[in-house]
Every structure is written in C-alpha cells, then in structure tokens.
1. Any lysines with Cα under 16 Å of the Lys58 Cα? List them, leaving off those in the same chain fewer than 8 positions away.
2. What is the distance, in nm, between label points placed 7 Å from the Cα along the Cα-to-Cβ direction at His72 and at Ala188?
3. With a cut-off of 20 Å, note down the residues of region 217-237 whose backbone N falls inside the zone around a label point 7 Å from the Cα of Ser15 toward its beta carbon.
4. What number does region 131-248 give for Rg over Rh if you use C-alpha atoms and the Kirkwood radius?
5. Principal axes first, then extents: for the Cα atoms of region 95-168, list largest minus smallest coordinate on each axis, whole Å, largest first.
6. Quick one, what does Rg over Rh come out to for region 128-197 if you take C-alpha atoms and the Kirkwood Rh?
7. Relative to the present Cα-Cα distance, how much length would full extension add between Ile144 and Leu104 at 0.36 nm per residue of separation?
8. Arrange Val214, Val17, Val248 by Cβ neighbour counts within 10 Å, fewest through most, would you?
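Computed from the coordinates by the stated procedures, all read-outs in this text should not be read as laboratory data. Model, not experiment: these values are computed from the prediction. FYI the Cβ positions are ideal-geometry reconstructions off the backbone, even for glycines, and counts take in every protein chain you see.
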Amino acid sequence: MRPFFYIANWKMSQSLVGAQEFVHALINDSMFTSLPVTTKIVLCPSFPLLGFLAPELKDTPIALGAQTCSPHASGAYTGQASASTLAEAGCTYCLIGHSERRLLRGETDEQIVGQYNQLVNNNLTPIVCIGETEKEHAAGDTLIILEQQLTLLIKAYQENSARTLLIAYEPVWAIGTGKTPTNDEIAAIFVWLKNHLKNNLANATTFLIYGGSVDETNSAAIKKIAHIDGLLVGSASLTFKKFKNIVV
Ligand code: PGA
C-alpha cells in the first residue's frame, strides 16, 4: 500500500510551548494509536524547536522535518543549518524550495539542487516544493513553470538519487490565502506531474503532495484526487484539533 503523507509546515508561527502541546495532544490521542501504518505524519517546526521535539518523537512513527537547509556541507555560512546537523538533530525529512524561500530569500533552482544533494548525502528525504505565482497562473503558464522548476532537480536526481523523493505542488497564490485551484484543476496538474516524472525519473520512488490553503473543509475532497500522496499544511496545522480533522 502506498503511504499517505500529512506534512505540517509550522513556518515561524509555532512557539515552543505550542509545539510541545501539539505533540503531547497528538501522541496521547486515540486517533494516533489507531493510525494505519500507511499514514505518515511529518512535523516541520522552525530550527530552534527541533532539538526539543526530537526526544518526544523518538520511538513514535511521527517524523521530524526541517523547513530548509544549506546547500553547503559545512563552513562559514552564518545563519544556515547543514543537512548533517539537521540529521543529528533528529530530522529525517526537509522541505526545500518553498515559495517563501524562493520569493523572500531569493533561493534559486541551482541552490535548491545544492540543498537536494546535501539532503541525499545525509540520508534525509527531500520534500521539494514547486508552484506558479498568481501572474504565471493567470497567464496560463503553470506547466511551463513546473517543468522549469523540475528540470535541474531531475538532472540532480539522475546523478545522485534520493531513496525517496517528495514533490509538493503548491500554487504560490493558494498559500495562506484561503484560495485553492478547483479540484479539476488540481487533478489535471497531478496527471501532468505523474506523467512528467514517469517519463523523466522512471525508476524513482516519488510521492506527490498538494499544498496551499488545505484545511478541514477541503482536505477530504483533495485527498481523493488521483495521484495525490499527501498534503502539505501550513496554517491549519498549527492547532492539533484542526490538523486531526485533516488526518482522520
Ligand atoms: P497554508 O501554507 O496551508 O497556510 O496555505 C501551506 C504552505 O506554505 O506550505
């Protein structure tokens, strides 16, 4: 059976107390003990919280992920975190290429490939985010943009294969806005993504994730769309109750 991923991207919005309360509520909830083994929950807190949450999640099926990593192995890169130290901190996943990093921090596809390689070299599973802006969407350029964002990554995978690769399609205009594409639009994108990866990464173990304004009201319908292997959830993942309603 294919796994289904629920990835909580807490961005910079979760405090230490909030994160600990969330984790306690999650591991003590009856839903948690009866989760199918195919349900994979990944929590992505900000860097300083990783070391606090790792011991709490140890020996549970819940995985810890970081929100970005350095494209460098180590060295004089003030403010960055290497994939190797993220692994030491207990991470097994890491988001890269999130639109807030691309747009606010100017991260390029070349840097994202550097991050990808660092993650693969340190046995972390990359969750690579791609997606078009509102302007690109309005111009009908979505697939051109997705293809561009995947080009260097596909090449990097061919040279340095990740054991597992997660690709998260997040339309930039849907992130934090309460707007989502229609389910038919999402379905069409995922058919394209599935075929594109089949044609270019035939032997890869890839999972396709949707993100962008996923909440309790729309998650059930999005989950049913063909080729979707998981959800990447931002604001609706901050409170356990809302997140639980998305998972169950
Ligand atoms: P959102 O964020 O669910 O708040 O739209 C998703 C994301 O940025 O990953």
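1. Counting by Cα, and skipping residues close in sequence, Lys58 has these lysines nearby: Lys40.
2. 4.4
3. 235-237
4. Radius of gyration relative to Kirkwood radius: 0.98.
5. 38, 23, 17 Å, listed from the longest principal axis down.
6. Rg/Rh: 0.99.
7. Between Ile144 and Leu104, full extension yields an extra 12.2 nm.
8. Val17, Val248, Val214
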